1. What list of ³J(HN,Hα) couplings, whole Hz, do you get for the stretch 285-301 from phi and the Karplus terms 6.51, -1.76, 1.60, once you set θ to phi - 60° and write x for glycine and proline?
2. With Kirkwood radius over Cα pairs in Å in mind, check (1) 22.6; (2) 20.8; (3) 21.9 and report the label derived from this structure.
3. Could you give the size of the charge dipole of the stretch 58-117 about its Cα centre, using +1 on the Cβ of each K and R and -1 on the Cβ of each D and E, expressed in debye and rounded to the nearest 20?
4. Calculate, for N88 and K166, the FRET efficiency according to 1/(1 + (r/R0)^6) with r their C-beta to C-beta distance and R0 51 Å; round to the nearest 0.05.
5. Quickly work out the V293-to-Q187 label distance, labels modelled 7 Å from Cα along the C-beta direction, and quote it in nm with one decimal.
6. Would you mind calculating the gained length between R176 and K251 on full extension (0.36 nm times residue separation, minus the Cα-Cα distance), in nm to one decimal?
7. Among I157, I47, rank each residue by its count of other Cβ atoms within 10 Å, from fewest to most, as a rough exposure measure.
8. Please check which bits of the stretch 162-205 a label hung off Y231 would reach, taking the label as a point 7 Å along Cα-to-C-beta and the cut-off as backbone N under 15 Å.
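Any read-out appearing in this document is the output of simple, stated calculations on the displayed coordinates, not a laboratory observation. Nothing here was measured: the structure is a model prediction, and the numbers come from that model. Positions of Cβ are backbone-derived with ideal geometry, glycine not excepted, and every protein chain shown enters the neighbour counts.
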Amino acid sequence: MDQERYAETRKQSFYGDYLYDMVVPQDHFFRKLRDLIEWSRFTKKLIKLYKGEGVVGRPPFDPGMLLKIELVAYLYNLSERQVEEYLNDTLSAKYFVGLAVDQAAPEPSTLTVFRNRLIQRGKQKIFAEMLAEIVQIALEKGIKFGSIQIVDSVHSIANVNTAKDKKREDKGKGPRDPDAKWGVKHQRKVKTPEGKEIEQTDYFYGYKAQVSMNAETGLISSLDITPGGAYDGHHLCSLVDKDLEQSLPLKTYAGDRGYDDSNNHYYLVHKGLYSAIRLKENRIKKKDKNKEVWLKLIQTTEYQQGTKERYKIERKFGEAKQGHGLGRCRYIGKVKFAYQAYLTALILNLKRMVRLLTGVGFKTKGVVMS
């Protein structure tokens, strides 16, 4: 489709790029991010979700531009209204998304319609395709992926007041977010006032994103979205399949004990891959001959190297939660949480790619990240 079918932006500006060249430094993160990606690739992908592919009705905003605005929102953990104000006040961000210096940012309702279009017409498929596109761009740019892949899950608390939700259910009403479920956040050993050591389980109500990340690059390659109570071990095979479809040079999968399921170990062998999934103690302490295969596994170089790399994904999750708001759901429902999780993964990957390819890190409060 011709560019003329999109709402005009910088072309109409009297100032053109002159002011941007004056005020946005050549080494600014947003300038590097703008130049790193051929954003028209996303325009061509997303416009297919529009009625008549954008030909019917008034010219729409370039969906690639709206995606960039959403990425700015996730970069700074801003709402649609907050990102409108931020763009209007910040020339470097306005330059990145493609607005003219003297042009106002799209209204929040425009972003809401854009998000709903992706959710209703693209569903989770379009999110996965965009993440895979970023991974392919990284490969095209010469980023070298390592052979070790790390899998783990990160939890997000539902946008629900559980106390009020309980009162709703007592009155015979359904839950505010019927897709969310209770899950285990973590288990830890604590001491009672009497000095006895007990195991304490902390729970959360919400969702989990099952994540596969390359240990060498720190780039996320695939996701699975589940309710909070889902068993992590059931999602390794799906993540492996998604990674292999992208022709990544992988040899070893590392994960915590939540993925220690015999089917997962055997599936990796079936795919010609090594397992560095941390084993549960009962596998190597039981008194029968079956433990020998597991004792041999933990002695392999691949297992030892993979388990040493596993901490990196926890660091990535901390970045996602503290810097980009993944610790709590923005919206209601599983598909909308998928939107949040994938957009967070996209911005994490883009930050990392800018760092790897240009040496420029994203700065927040004076601290360089990624």
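1. Going residue by residue, I get 10, 6, 9, 8, 5, 5, 6, 4, 5, 7, 5, 5, 4, 5, 8, 6, 4 Hz, with x marking Gly and Pro.
2. Recomputing Kirkwood radius over Cα pairs in Å here gives the entry labelled (1).
3. Numbers: 6 positive and 8 negative charges, 48 e Å.
Computed charge dipole of the stretch 58-117: roughly 240 debye.
4. 0.75
5. For Q187 paired with V293, the spin-label model returns 2.4 nm.
6. Details: separation 75, 0.36 × 75 = 27.00 nm, distance 4.30 nm.
Extra length available between R176 and K251 comes to 22.7 nm.
7. Working: I157 16, I47 19.
Listed from fewest to most nearby Cβ atoms, that is I157, I47.
8. 184
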